[in-house]
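See below for the structure under consideration.
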Amino acid sequence: MTFWMNGKGISDNELLAGLRQRRPDAFRQLVEIQKHNIVNICNRFVHNPEDAEDIAQETFVEVYRSISSFRRTSSLQTWIYRIAVSRSLNFIRNQNRLKRRGAKESPEISDEVMQIPASASDGPLEVLEQKERQQILDQALDSLPPDQRVAFVLSKCNDMSYQEIAAVLETTVPSIESLVHRAKTNLQKKLHAYYRTRIQNSK
Amino acid sequence: MDDKNANETRIEQEIAKTMSRLDDLPILTAAPDFYDRLEQRLARLESAEHRLTARLFGNFRLGYALLLIMVLANLATAYFAGHPSNATDNRDQNLESLAAEYMPNMPSSLISGQ
């Protein structure tokens, strides 16, 4: 696999050799190439840009420290994505634990929803509606079983192919297809139930 | 019946609109100082670990020093207490000095059994 940066291709091998030699320039290159992808993946799970950046940083710290244990059973990118997903899920687990203990109440409208950039053509009402829809969607996504959620979220991330998702989750392509299909069906069911109640209540 | 159908249609429309948000997800870009903060974070972690290692290593050094002193003391005791020729020599000398003190007329050959 080749990473591209400033029009210059860097192979997995070159980058890996540099990382294993603890060369700061190699690490910097890797971070510059992957940081946006990783922040986006994390944000898809945690729905908060600040938390996503923090988890992305933890991901790179782990990459830096564990590079010697990278066994090359997958590409470097797949390995990094796997760490990012695992870190994001750990973060959600910890957040849920905190919520269960009542230490932190989730806000009515999450910060992430408030930070969705609005397009210039949207009026205030449209912006509000988009934010609300995003919040409803995020909540429905969060209520999916973890394996379905991960497969579905990744399928909507950075144009990842089912093959790449299968590599990240260390499973097969048919299994990913099935997980994504079930996730979509469940998501529609949850949204159906939500809107039905809402429409009935509005009468 | 028409009301029910209208509701279903409205629900389907709402679902479609909400699901379409998935194709319209905002793309985040990492902050410009992302790498600088990462570097600082790594430096902080490494310095914290270095301090911990130094503390552990310091304790180990003290432990090793005490252990070494104890081993040396044991070896010295074993050497002096268990050295047979020295022990015999000391015993004979002690007997001779006792005899000289308490039995001044007895020949020394009798005392030592020779």
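Points worth noting:
- For residues of B:29-38, the mean tally of beta carbons on other chains within 10 Å: 6
- When you restrict to C-alpha pairs under 8 Å that are six or more residues apart and normalise by the size of region A:146-190, the relative contact order lands at 42 percent.
- Rounded FRET efficiency, nearest 0.05, which uses the C-beta distance separating B:E8 from B:R41 and R0 of 51 Å: 0.45
- The A and B chains share an interface that buries close to 3600 Å² of accessible area, total over both sides, probe 1.4 Å.
- Whether region A:122-203 is rounded, prolate or oblate, judged on the alpha carbon gyration tensor where a/c under 1.5 counts as rounded: oblate
- Listed residue pairs exceeding 26 Å between alpha carbons, taken from A:K35/A:K99; A:K35/A:K190; A:K131/A:K184; A:K189/B:K4: A:K35/A:K99; A:K35/A:K190
- For region A:163-203: accessible area per residue (Å², 1.4 Å): 62 Å²
- Cα centre as origin, Lys/Arg/Asp/Glu Cβ charges: region A:1-109 dipole, Debye: 500 debye
- The Cβ shell under 15 Å around A:T73 holds other residues with a net charge of 0, Lys and Arg each +1, Asp and Glu each -1.
- Dipole of region A:121-203 computed with +1 at Lys/Arg Cβ and -1 at Asp/Glu Cβ about the Cα centre; of A:I136, A:I165, A:L179, farthest Cα towards the positive end is A:I136.
- Other residues lying with their Cβ under 12 Å from the Cβ of A:F152 contribute a combined charge of +2, Lys and Arg counting +1, Asp and Glu -1.
- Between B:A73 and A:S11, the simple label model (points 7 Å from Cα in the Cβ direction) yields a spacing of 6.4 nm.
- Among the protein heavy atoms, those of A:V61 account for about 10 Å² of accessible surface (1.4 Å probe, every chain in place).
- Exposure ranking of B:M70, B:M103, A:M160 by accessible area [1.4 Å probe, largest first]: B:M70, B:M103, A:M160
- With DNA, RNA and ligands ignored, accessible area of A:D138 (1.4 Å probe; Å², nearest 10): 10 Å²
- Within region A:59-86, the residues that become at least 40 Å² less accessible when every protein chain is included than when their own chain is isolated (1.4 Å probe; DNA, RNA and ligands ignored) are A:V61, A:Y64, A:R65.
The values are calculated or read from the model by the stated rules, or taken from the named source; none is laboratory data. If you're wondering where the values come from, they're calculated on a predicted model, not measured in any experiment. Positions of Cβ are generated from backbone atoms using ideal geometry, with glycine treated the same way; all protein chains shown enter the neighbour counts. Quick note on the areas: whole protein, heavy atoms, side chains included, nothing else; ligands and nucleic acids left out. Shrake-Rupley method; radii C 1.70, N 1.55, O 1.52, S 1.80 Å.
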